[in-house]
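These notes concern the structure reproduced below.
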Amino acid sequence: MPALSISNLSAGYGSNRVLSDINLTIVPGEICGLIGPNGAGKSTLFRSILQIGVDFSGDISICGSSLSSLSNNQKARLVSYLPQNFNPQSRLTVSETVLLGRHPYRSGWALDSVEDLETAEKCMIETDTWDLRDRVFSNLSGGEKRLVLLASALAQEPELLLLDEPGSSLDFRHQLNMWLLLKKLSRRGITVLVSTHEVALSGRYLDSVLVLSKGSSMAFGSPSDVFTTEILSEVFDVNLFVSHDRVTRSWVIVPEMKQ
């Protein structure tokens, strides 16, 4: 049973159509990358899956259940989301922010349970934010805020994790640790759909890649199939040379410089 199935998806905002005829199937435990230039429709695809502020047609199923058949609370237990943009001025502490991810498991105004606190602690340790737990969220650096929000998304204990450019603002060590964490989560059976511009680094950890260009699917396959000179040069409209190092399993991407 697919963790995520998308069939004939078209989406946009009012009369502005952003995506057309998108098809995608991701199996449990798979890390699928979503790449493309700015404005290609990556965030709109996430919003369609979440049914947030977007008009769409087509079929979307999560863990075998159609979106239309799931309550908001059921969706919140199945899917968590780390967006590009968030409220940077929140005065909550880091611990309080991470505990927001436990909301789908609470009833009414119930206090945090022992399970909530233990789950939040585990997620902060995994994302290297435990030492920040008493800090105020708005006082953190941009990279620290991203890691805290990732911890909150993990605290939902989702089946499907949606990440919109999670490596933005992270230094190289934390970027690398984030990809290692996503691989660890995938081995637990958590499915990940992640948009990224970190082609060289992400290719080591992705199982599949969907390339979006001008609102359409241009390519889908393994990183070896998709991260090629021809495809990336066309998608990003830049002359590139792409080389795959089979020893380190990384990609080297060099723009051709005009003389």
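For region 179-193, the Karplus equation 6.51 cos²θ - 1.76 cosθ + 1.60, evaluated at θ = phi - 60°, returns couplings of 5, 5, 5, 4, 5, 4, 5, 5, 5, 7, x, 6, 8, 10, 10 Hz by residue, with Gly and Pro reported as x.
Computed over the Cα atoms of the chain, the ratio of the radius of gyration to the Kirkwood radius (Rg/Rh) comes to 0.97.
Modelled spin labels at Leu180 and Asp21, positioned 7 Å past Cα toward Cβ, are 4.4 nm from each other.
3J(HN,Hα) along region 109-115: 9, 4, 6, 4, 7, 4, 5 Hz, from the Karplus curve 6.51 cos²θ - 1.76 cosθ + 1.60 with θ = phi - 60°, whole Hz, x for Gly and Pro.
Cross-link reach is defined here as a Cα-Cα straight distance under 25 Å, omitting same-chain residues fewer than 8 places apart; for Lys214 the lysines meeting it are Lys42.
In the calculated pair distance distribution of region 89-157, what percentage of Cα-Cα distances lie above 15 Å? Write out the running numbers ahead of the final one.
Working: 1025 of 2346 pairs.
Roughly 44 percent, once rounded to a whole number.
What is the calculated FRET efficiency for Ser57 to Asp112, with r their C-beta to C-beta distance and R₀ = 41 Å, to the nearest 0.05? After rounding, the FRET efficiency stands at 0.55. The separation of region 26-102 from region 119-136, counted between C-alpha centres, amounts to 22 Å.
Assuming R0 = 22 Å, can you tell me the calculated FRET efficiency for the pair Ser69 and Met1, based on Cβ-Cβ distance, to the nearest 0.05? The computed FRET efficiency comes out at 0.90.
Close amide H partners of Tyr81, meaning residues 5 or more places away or on another chain with modelled amide H under 5 Å apart, are Leu162. Working note: 222 nm ellipticity from helices only, DSSP H runs with n ≥ 4, each -39,500 (n - 2.57), summed and divided by the residues of the chain, gives -9000 deg cm²/dmol to the nearest 500. Give the aspartates and glutamates reachable from Lys184 as a straight Cα distance under 18 Å; neighbours fewer than 8 places away on the same chain don't count. Reachable aspartates and glutamates: Glu30, Glu121, Glu126, Asp128, Glu157, Glu159, Asp207. Amide hydrogen proximity for Leu34: with H placed 1.01 Å from N in the peptide plane, the residues at 5 or more positions away or on another chain lying under 5 Å are Val194, Ser195, Thr196, Leu210. For region 57-119, chymotrypsin sites (Phe, Trp or Tyr not before Pro) are listed when DSSP marks them as loop and at most 16 other Cβ atoms sit within 10 Å of their Cβ; the list is Phe86, Trp109. Converting phi to 3J(HN,Hα) with the Karplus coefficients 6.51, -1.76 and 1.60 and the offset θ = phi - 60°, region 124-138 yields 5, 5, 5, 9, 6, 10, 4, 5, 9, 4, 9, 6, 7, 3, 5 Hz in sequence order, with x at every glycine or proline.
Only the coordinates and a few stated rules stand behind these numbers; no lab work does. The shown structure was predicted, so the numbers you read here are calculated from the model rather than taken from an experiment. Glycine gets a Cβ as well: all are built from the backbone with ideal geometry, and neighbour counts include every protein chain shown.
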